[in-house]
Amino acid sequence: MSDIIPKPNSEQFFGEDIYFDGGVGISACAEAESAAAKLKALLRRVCPSVIFSDNGNVSIKLEKDALLPREGYVVDARASDIVLTASGSEGWTYALVTLERLLKTEGGDKALSLSCPGCHIEDEPRFAYRALMLDEARNFFGETEVKRLLDLMCLYKLNVLHWHLADDQGYRVESDVYPLLTTISSHRNDTQVGGIRSDKFRGLASSGYYTKNQIRNIVEYAKERNIVVVPELEMPSHCSAILAAYPHLSCTGEKTEVPTTFGTLHRSFCPGKQTTYDFLDKLLDEWCELFPSSLFHIGGDETAGSLWKQCPDCRKTIADNGLGGEHELLPLFVNRIAEMLAAKGKLPVIWADRLPRGVRKFVTYTAWLPLDRKAVAAEISSGRLFIVAPYDRYYAGQPYCMIPLKKTYDFEPTSIANGSTDAGFFGVEMPMWTEWVYDRVKLDFNLFPRLCAFAETAWTNAQHKSWHDFKKRWQAQKPTLDSLGVGYAKDKLTDPGAFARNKGAYIWKNIDQYDEVRKNDK
Ligand SMILES: [Zn+2]
């Protein structure tokens, strides 16, 4: 068996190795020419002394089989031939990722000799949507860091970066349409530390936004790695940073600053004013021009119904539309924005903290809180798609004493609905919220090995998963991650005993979890 994560769905090893001692020849069908160039670069990276020669003793061919699934691939290595087959660039990308994991080098740092085990691997993903969500509204990491994460995502065959770019504490996209979003909304004066009940602050201002060129670069960099960037502009709540620049969009028009504290802040766009929709329509145009993804996340959770109850515009909208109360303003708002996005060629996604009635069926739900399993099954059978991202299994910002690694690994996504199969489940997502994650050390510690455990559920069919086997394969990942400078969590911290786990209930609300990271250095 290989030590690949996520585990391939079918693999067979012949017990013989192919040595590249006499050089290697690469040939590719016309469509695979760019994959062939990547293969050449890969071999040079793994073994700088490798010789390329059409008369070499090993040949690697990239072949096309249009019948293979879009992201599926076959690696067949026997005698002196290695054949990588796919139906297009997505499959070849993953064939190369797998091949790199299979190659062995000898000769230490100089990597003088290269070999590949004789094997036949047929592989394809379980879920079409396999996402990491990165929250850069709370903490801005910047282009270099995002590209590093995209490299790591590709290594584990994840194909969506859900990019959370606007929330209460920051707005991160350069705007020509509404320039105050760049000058006011992308800056806050300080940042709370120590948990949402804490009165402590870092004592540092925090700013940052992506220029349009940087965003285009990142989208292109992701595409090269078979990763789609799905943007998120949170609405109608989690929008305080925008309201700090354009207060007339709220129910009260009250002037506020970009918040420096976290938690649910109960500020919101007014869903009863036409001004709100006109503003968002133009802003969405600006975003749609930057992000070619067909999916577009619009937040939609933790809404401020109590504000709407007191607002004359909201009350008039309730009356005019014959709604049963302020709780029905959310479906109305989501449907209006969803139709706006559909007209721009986009499919909207929302965070489903509950299952509001009347939301258009083409709106996909990201399920993060526990939902009624019968009701989820009913939504699925009526055509709704779900992305599964449970806060108590997949929220990577939480400490390991709250979410031990095994709890992440063992989770079965279809369990959120009664009697369901994979149909209706678009995919899975690991959200990385960054209220308490303000550097790369903490980011790496919280994401690894969690992202690997998550990636295996995203890619590998449930019957091929095994916790015991995963733990062994995780050990084999470490040299690669070490060479990339990834500061993963040590094994003794990822699955803590009962005492530490009980402490987790306390940590959840009160500290910012840097204690675990400090332990990682010992
Ligand atoms: Zn209102």
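The values are calculated or read from the model by the stated rules, or taken from the named source; none is laboratory data. All values reported here derive from a predicted model rather than from experimental measurement. Note: ideal-geometry Cβ built from the backbone for every residue, glycine included; neighbour counts use all protein chains shown. Accessible surface areas use protein heavy atoms only, side chains included; no ligands, DNA or RNA. Shrake-Rupley method; radii C 1.70, N 1.55, O 1.52, S 1.80 Å.
Here are the numbers:
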| read-out | value |
| --- | --- |
| Debye, to nearest 20: dipole size of the chain, +1 on Lys, Arg Cβ, -1 on Asp, Glu Cβ | 1080 debye |
| Spacing of the two label points (7 Å from each Cα toward its C-beta) at Ala66 and Asp422, in nm | 2.4 nm |
| Summed side-chain charge close to Phe454 - residues other than Phe454 whose Cβ falls under 10 Å, Lys, Arg +1, Asp, Glu -1 | +1 |
| Alpha carbon Rg of the chain, scaled by the compact-globule rule 2.2 N^0.38 Å | 1.03 |
| Segment 129-520: relative contact order as a whole-number percent, Cα under 8 Å and 6+ apart | 17 percent |
| Summed side-chain charge close to Ala338 - residues other than Ala338 whose Cβ falls under 14 Å, Lys, Arg +1, Asp, Glu -1 | +4 |
| Carbon + sulfur, % of accessible area of segment 392-514 - ligands and nucleic acids excluded, 1.4 Å | 56 percent |
| Accessible carbon and sulfur surface of segment 283-380 relative to its total accessible area, %, 1.4 Å | 51 percent |
| Projected label distance in nm at Ser10 and Ser466, using a 7 Å step from Cα toward the beta-carbon | 1.9 nm |
| Among Ile218, Ala476, Asn159 - extreme Cα towards positive end, dipole of the chain, charges at beta-carbon | Ala476 |
| Cysteines without a disulfide-compatible partner [the chain; Cβ-Cβ under 4.7 Å] | Cys29, Cys47, Cys116, Cys119, Cys154, Cys239, Cys288, Cys401, Cys452 |
| DSSP beta bridge pairing in segment 129-520, given as percent antiparallel to the nearest 5 | 20 percent |
| Range of Cα positions in segment 168-306 per principal axis (Å), largest first | 44, 38, 26 |
| Distance from segment 177-219 to segment 156-176 (C-alpha centre basis), Å | 12 Å |
| Centroid-to-centroid separation of segment 260-283 and segment 418-471 [C-alpha atoms, Å] | 31 Å |
| Förster radius 51 Å - calculated FRET efficiency between Lys374 and Thr260, Cβ distance, rounded to 0.05 | 0.75 |
| Computed helical MRE - 222 nm, the chain, DSSP H runs ≥ 4 contributing -39500 (n - 2.57), nearest 500 | -10500 deg cm²/dmol |
| Whole-percent carbon and sulfur share, accessible surface of segment 10-123, 1.4 Å | 49 percent |
| Extension gain from Tyr19 to Leu355, taking 0.36 nm per residue of separation minus the Cα-Cα distance | 115.3 nm |
| Overall form of segment 229-340 per C-alpha gyration tensor (a/c, 1.5; a/b vs b/c) | oblate |
| Inter-probe distance in nm under a simple model that places probes 7 Å from Cα toward Cβ, at Asp439 and Glu100 | 2.8 nm |
| Fully extended contour minus Cα-Cα distance, from Asn213 to Gln475, at 0.36 nm per residue | 90.4 nm |
| Charge-dipole axis of the chain as Lys and Arg at +1 and Asp and Glu at -1 on Cβ define it, positive-most pick from Ile82, His248, Pro125 | His248 |
| Burial ranking of peptide ranges 328-339, 6-17, 237-248 (average Cβ count within 10 Å, highest at the top) | 237-248, 328-339, 6-17 |
| Check: segment 10-123 dipole with +1 on Lys, Arg Cβ and -1 on Asp, Glu Cβ, in debye | 380 debye |
| Residue-normalised accessible area of the chain, expressed per residue, 1.4 Å probe, Å² | 40 Å² |
| Two-decimal log10 I(q)/I(0) for segment 56-181, as the Debye equation yields it once each C-alpha is a single scatterer, q = 0.11, 0.16, 0.23 Å⁻¹ | -0.57, -0.89, -1.28 |
| At R0 = 56 Å, FRET efficiency that the Cβ-Cβ distance of Arg202 and Asp54 yields, to 0.05 | 0.40 |
| Options Val359, Thr105, Gln310, ranked by Cα towards positive dipole end of the chain, top entry (Cβ charges) | Gln310 |
| Value in Å of the Kirkwood radius, where segment 10-123 supplies the Cα pairs that are averaged | 13.9 Å |
| Normalised per residue, the volume of the convex hull around the Cα set of segment 367-423 (Å³) | 74 Å³ |
